[in-house]
Amino acid sequence: MRRSLFAAAAAAVLSLPAVAPAQTVDDVIAKYVEARGGLAKLKAITSLKAVGKMEVGPGIEAPIAMEQTRPANMRMEFTIQGMTAVQAYDGATAWAIVPFQGKKDPDVMPDDQAKSFIEGADFDGALVDWKAKGHTLTLLGKDKVEGSDAWKLKVNLKNGDERIVFLDADSYLEIRNEQKVKMQGTEMETFTNIGDYRDVNGTQMPFSIEQGAKGAPGVQRMTIEKYEANTPIDKTRFTMPKKAN
Amino acid sequence: MSLRFARPLRAPHCAAPVVALALALPMAARAQSATTPASPFTTDVISGLPARTIGPAVMGGRVAALDAVRIDGRLHIYAGGASSGVWKSIDGGTTFKPIFDKYNQSIGTITIHPADAKTVWVGTGEPWVRNSVSVGDGVYRTTDGGENWSKLGLEQTERIAAIAVDPANRDVAWVCALGPLFHDSNERGVYKTTDGGKTWSKVLAGANPQTGCAMLRRGGDGALYAAMWKHRRTPWSFASGGPGSGLFRSRDGGATWQQLTKGFPAGDVGRFAVAVAPSNPKVVYATLESKAPALYRSNDGGDSWTEQGTATVIADRPFYFANMYVDPKDENRVYKAGYTFGVSTDAGKSFQPVLGAAHGDHHVLWIDANDPDQLLIGDDGGLHQSFDRGAHMRMLAVLPFSQFYHVSVDMERPYRVTGGLQDNLVWIAPSSAPGGVKNRHWTTLMGGDGFWSFVDPTDPDWVYTEWQGGRLGRVNVKTLETRWIAPLEEQGQPANRWHWNTAVAMSPNAKGTLYVGSQFLWRSSDKGTSWQRLSPDLTTNDPKKQQQDESGGVTVDNTSAEVHTTIYTIAESPKDAKVIWVGTDDGNVQLTRDGGATWTNVAANVWKAGLPRGTWVSSIEASAHDPSVAYATFDGHMMGDQKPWIYKTADYGVTWTPLLGGELTGFAHVVRQDLVNPSLLFAGTEFGLFFSIDDGKSWARYAGSDFPPVPVRDLVVHPRDHDLVVATHGRGIWIFDDLTPLRALTVATLARETALLPGRPTVQAPFTQVSDGGEWGNATFAGPSAPEDAQVSYYLRTRHLRGELKVQFIDSAGRVLSTVAGSKRKGINRIGWAMRLDAPKSPPAAAGLVLNFGALVGPKVPPGRYTVRLIRNTDTLTAPLVIQPDPRTTHTVAERAQQYQEAVRLADLMGELTVTTESLIDARDQAGDRIGKLPVKDRVRAMAERFSTSLDGVRGELTSVKEAGGAITGEEKLREKIGDLYGNVNSFDGLPTKSQLTRRIVLDQDFRVSAKKFEEILEKQLPALNEALKGKKLDPIVPKPRQVVKSVM
């Protein structure tokens, strides 16, 4: 899924390890779009729901749910002991409810978090229509991801952030995404591993996502149990509710 | 769409299994694999096996190179290790991360471009050329602050001492290449590029093939000063200085050079240090290694020189400390590297050591240009920081640069790891600790340069260990007293020649029997009290290689570092105590099969198999499976031969087979054979760690878990826990937990799409409350502890991309207890299972606001036999999983069973409570819905309100309900009480207390009472209410069912 984490943006072209990719960025992205099912089938999906579970610690699992509509509305939830945390974006405001420490009211997300969440809300992900979205892509050539060959793309997002995206060298499906994000003014590096692709409405959707921080032990695993495409989702699901008092 | 939460939730006490990410091969491996693709056992396959490093970072390895810069006021530091790679801090030194792990780890110099802080040049190959120095492979540059590196050639220079850059053009640089230390070469001198390193031209060559550039400084006026130095090491000697050595200057960017001599004394000179005052480019300082060492100053940009002083620090081991700096704002304040940095405030006339406490042997310095009080010092003990010009220092104890020579393990639980470090003592630590192995877990046993260290298997309070030159001692771990036990020559006996890294070995057959080797092999069976000489001189005893008192060149330097013609490795066969192998540094391979009565030198048999004659024997491994089998590594790098030499004999040394296939690179330090699978071998070379599953025919480089191509000096397989423990010379100790899956990996297995691999029985460690992560702050090193969950390993021929991949854990009755998402990498994968049932359901409290922490995890299943089921699309594979109690446990099987039963009962009680609470809340909410549809003074509305209020009353017994605007309400109801009791029972593997057992019965009764009240409300009020609602054409209230699914018992 991290098609939404694919990002892109304009930025300086750095001099990178000498690679002379035979393919261009456009070639690679065309194959990537094709691998996902092609533009027509991607665009035919206008809303998406997913449910699954997330391992938040050894032996600790939380049900998760995601809802998304075009162009960039998204709501995500995870539930522990009947308490549900919500993060959502309605195209204008990114907000969250984090109830675990006694707070049930929504708050506007801090800018750092909002930036990342809004990026994730991009329905098709940054690589689709990347030029129109104002991102910049640089093909860095082939590299290895956990022993497998992959195309390495640098994505400079319009919002100024940078992503490194790895596409499986054979299938062109995304298998890894590395994010550099600024938290409180300091750069943090995280990564996402993506896999278990299956067909959903003629498109390839990942059913497994692992997230981690570079240099820190452990990953957080998410498993999707089910996707549901084109089910109507009410707009209010994405809008920040009023505070109780 | 994204499933990435903006703030990932992590349970703070939980450490999920490490996922190994090997994003790219080291360049060397890439080149090799291109030429020998035959074996399917490659770096891609092996690198999924996770390894963990336990450091330590409490004592350094040498920080050989250093640069820093302020960006927006924040201090960014680049620290280069002698064999530890480049580490970067962007927070002033609080934390560091390695940014050079794919490349050569020996760092000679780091230069940040003064006008573009993201452009950084790294010259590899440390220039402080002690006996153990590593080897570089050229120049690298990043233009994005270290994210990506370009390798820019000059590979054969081996050592780069300095890189100067043009502040006005980031593509112009001058490289000061010291060149090879152990052989003649013209790949040295000063090189220049004007195109960012695409092309190079040599602008200053040495006068002979031993003379290279030892220091290069560029003044503010553009003048270049290059110190050329003639030098050479052999295994038995060092020579510094002689014709070719001298100081040179170019004022035209390197086009022409002039030797600077005016004011310097005549005669042979050695290594210069040179430094230009940043505040005045005409002021240049130089120290001169000569028979009359002194510091000189020039006030005219090097045209003429005046002797300033002869302070001791000026002459400190020139080959090691020829480095100097001038304060950015004060041309008379000079820092000279040495045993500590000497500081002069009078232009070098006199020096005092910097006052701050730090490990000695200071090599490199960074001075903040805007605030010269702020210093960083790179030294043999690591990286030190001062905010008051060195008066006080703090160690940045987060860099795991420790340079181990050897490692051994004992049989404690967890087993301990002990070994000696280059210039950093001998240490011991547990292999695992709650919350991670931290600096504070390491205890020092002995000083000096540390080498071999063994816990006495007959008395684990004592450790045999040594420092350089055969200083062998027996140290008490508790009192730290040392008995020096090395054998001393008696009257008429020749003196022992003790190597720098004197060979010590423990007998695998007779517990407590100890060997030590000079030119003779010595054995003690009484803890070093007395010794038996087991051999004649086993070396070549070549007198030409025994003249260390003349070694050093211009400055005599006779530590024990060049002692030669000695025994370097000793191995008694685990299968036959009379079979003892000895390897010497001058190339002899000696074997006795009669316990030392007779010896045969079989070295010539190895030479017949291709080994260059006389090559240093770096290790011998006597097979644990067959007394006729031995493996040996040979290291010729000090004679200019860097090939990896590994051989095997299966006939007591008569014939030898080279084992050099696959991805093997780097001169070889050590080879070990697995204790269980004789075809499984491990090898350590100067450039990494290698595995073979076919008895050495083909080797695969390990590059998982961010393991860099670092020197690997020693390896040991733990005989009980089946771990592989790796001693790196630059990155501390690494541990591979459980070799069992690797033992099962065959070429046939590798051909399968999916294979489930066996693992060792899981020892169920007790749950511990210990957590000390936070209070130490971020400036701490913590190596991951051994995994506490059950580990499952499997093999995927290719990356799993499409469809399902999951692992189920099944009990003896066939019930699926847990399902875990599988990792997907090509090659070996490993995942963990927490050995717990699903967490009990917990009802929400208040408005659903407070976590029930005790109930976050499920009951821990008892030891026993379970089944692992790997499901990959249509493939289903199963394997047994054995869970054993911790051998240290004092709980009987029956007690553990009772504890489990009690935990499950409480979990089920919590489940019942949840179902009841949910049903109650649902009924109340339905009532609320109807209330909202009825007018205010309506009678039915009043009925519904009474119903709702009654329910809330009961709810107040079931869970806390107070909302106080925060999580800490202090309110405790059944939910909180049961959760707390459950958590306490579930976190201890022994019998619950009587009080706890009674408490469960009380809480159970309390719950039944409340539940009955709920039922009574439903019975008494609901029929009438629903009838009344019907009259209002409103839906009846239908309570949710309250059936509970019982846990697995």
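The values are calculated or read from the model by the stated rules, or taken from the named source; none is laboratory data. Bear in mind the structure is a predicted one, so any value in this text is a computation, not a measurement. Using ideal geometry, Cβ is built from the backbone for each residue, glycine included, and neighbour counts are taken over all protein chains shown.
Quick notes on this structure:
- B:L951, sole failed condition from (1) more than 29 Å from B:Q901 (Cα to Cα); (2) buried (at least 17 other Cβ atoms within 10 Å of the Cβ); (3) out of contact with any helix residue (DSSP H, G or I) (no Cβ under 6 Å at 6 or more places or on another chain): (3)
- Test result for B:K329, in contact with a Pro (Cβ under 7 Å, 6 or more places away or on another chain) and under 30 Å from B:L260 (Cβ atoms): yes
- Residues satisfying the stated conditions in segment A:107-125, i.e. facing chain B (nearest Cβ under 7 Å) and closer than 19 Å to A:L167 by Cβ: A:G120
- Residues of segment A:128-150 that are buried (at least 22 other Cβ atoms within 10 Å of the Cβ), under 28 Å from A:Q113 (Cα atoms) and within 14 Å of chain B (Cβ to nearest Cβ): A:V145 alone.
- Filter result (crowded, with 21+ Cβ neighbours inside 10 Å and touching a residue at least 60 places away in the same chain (Cβ under 8 Å)) within segment B:776-792: B:F781, B:A782, B:G783, B:P784, B:S785, B:A786, B:P787, B:D789, B:A790, B:Q791, B:V792
- The single condition among (1) in contact with a Gly (Cβ under 7 Å, 6 or more places away or on another chain); (2) more than 8 Å from chain B (Cβ to nearest Cβ) that A:T93 does not satisfy is (1).
- Test: residue in segment B:230-246 that is within 41 Å of the chain's Cα centre (by Cα) and among the aliphatic types (A, V, I, L, M): yes
- Residue check, B:R830 in contact (Cβ under 8 Å) with a residue 40 or more places away in the chain, in a loop (DSSP other than H, G, I, E, B) and within 14 Å of chain A (Cβ to nearest Cβ): no
- Flag if B:S84 is modelled with pLDDT under 95 and either assigned to a loop (DSSP other than H, G, I, E, B) or over 18 Å from the mean Cα position of the chain (by Cα) (or both): no
- Among the residues of segment A:211-229, those that are more than 7 Å from chain B (Cβ to nearest Cβ) and either in contact with a strand residue (DSSP E or B) (Cβ under 6 Å, 6 or more places away or on another chain) or closer than 17 Å to A:I175 by Cβ (or both) comprise A:A213, A:K214, A:I224, A:E225, A:K226, A:Y227, A:E228, A:A229.
- The lone exception for A:I164 - which of (1) facing chain B (nearest Cβ under 8 Å); (2) surrounded by fewer than 24 Cβ atoms within 10 Å (Cβ to Cβ); (3) in contact with a Leu (Cβ under 8 Å, 6 or more places away or on another chain) it fails: (1)
- Matching residues, segment A:29-70, being charged (D, E, K, R) and within 30 Å of B:K841 (Cβ to Cβ): A:K49, A:K53, A:E55, A:E61, A:E67
- The lone exception for B:T746 - which of (1) farther than 26 Å from B:V712 by Cα; (2) in contact (Cβ under 8 Å) with a residue 24 or more places away in the chain; (3) surrounded by fewer than 21 Cβ atoms within 10 Å (Cβ to Cβ) it fails: (1)
- Strands (runs of 3 or more DSSP E) contained entirely in segment B:433-495, each with at least 2 residues that are surrounded by 13 or more Cβ atoms within 10 Å (Cβ to Cβ), out of contact with any helix residue (DSSP H, G or I) (no Cβ under 9 Å at 6 or more places or on another chain) and of a type in the set (S, T, N, Q): B:443-446
- Residues located in segment A:173-207, provided they are farther than 21 Å from A:I224 by Cα and not hydrophobic (A, V, I, L, M, F, W, C): A:Q179, A:K180, A:K182, A:Q184, A:G185, A:T186, A:E187, A:E189
- When we screen B:L920, B:L951, B:L981 for residues that are under 48 Å from the mean Cα position of the chain (by Cα) and either in a helix (DSSP H, G or I) or polar (S, T, N, Q) (or both), the only hit is B:L981.
- A:D124 buried (at least 18 other Cβ atoms within 10 Å of the Cβ), at pLDDT 90 or above, more than 30 Å from B:S842 (Cα to Cα) and over 15 Å from the mean Cα position of the chain (by Cα): no
- Checking each residue in segment A:56-90 for being charged (D, E, K, R) and either facing chain B (nearest Cβ under 7 Å) or out of contact with any Asp or Glu (no Cβ under 7 Å at 6 or more places or on another chain) (or both) picks out A:E67, A:R70, A:E77, A:D90.
- Of the strands (runs of 3 or more DSSP E) lying entirely inside segment B:252-312, those carrying at least 3 residues that are surrounded by 17 or more Cβ atoms within 10 Å (Cβ to Cβ) are B:272-277, B:280-288, B:294-298.
- The lone exception for B:E902 - which of (1) surrounded by 19 or more Cβ atoms within 10 Å (Cβ to Cβ); (2) assigned to a loop (DSSP other than H, G, I, E, B); (3) under 43 Å from the mean Cα position of the chain (by Cα) it fails: (2)
- Residues in segment B:792-827 that are facing chain A (nearest Cβ under 7 Å) and part of a strand (DSSP E or B): B:R802, B:L805, B:A821, B:G827.
- Subset of segment B:846-885 [at pLDDT below 95 and on the phi > 0 side of the Ramachandran plot]: B:A846, B:G848
- Verdict on B:T565 being among the polar types (S, T, N, Q), at pLDDT 95 or above, in contact with a strand residue (DSSP E or B) (Cβ under 8 Å, 6 or more places away or on another chain) and farther than 27 Å from B:P627 by Cβ: yes
- Filter result for B:L1029 (in contact (Cβ under 8 Å) with a residue 12 or more places away in the chain and buried (at least 18 other Cβ atoms within 10 Å of the Cβ)): yes
- Segment A:108-120, subset surrounded by fewer than 24 Cβ atoms within 10 Å (Cβ to Cβ) and in contact (Cβ under 8 Å) with a residue 12 or more places away in the chain, residue nearest to the chain's Cα centre (by Cα): A:I118
- For segment B:95-126, the set of residues classified as of a type in the set (K, R) and touching an Asp or Glu at 6+ places or on another chain (Cβ under 7 Å) consists of B:K118 only.
- Residues in segment B:149-165 that are buried (at least 18 other Cβ atoms within 10 Å of the Cβ) and either touching a Pro at 6+ places or on another chain (Cβ under 9 Å) or more than 14 Å from every other protein chain (Cβ to nearest Cβ) (or both): B:W149, B:K151, B:L154, B:T157, B:E158, B:R159, B:I160, B:A161, B:A162, B:I163, B:A164, B:V165.
- Strands (runs of 3 or more DSSP E) contained entirely in segment B:613-725, each with at least 1 residues that are more than 23 Å from B:V582 (Cα to Cα): B:688-692
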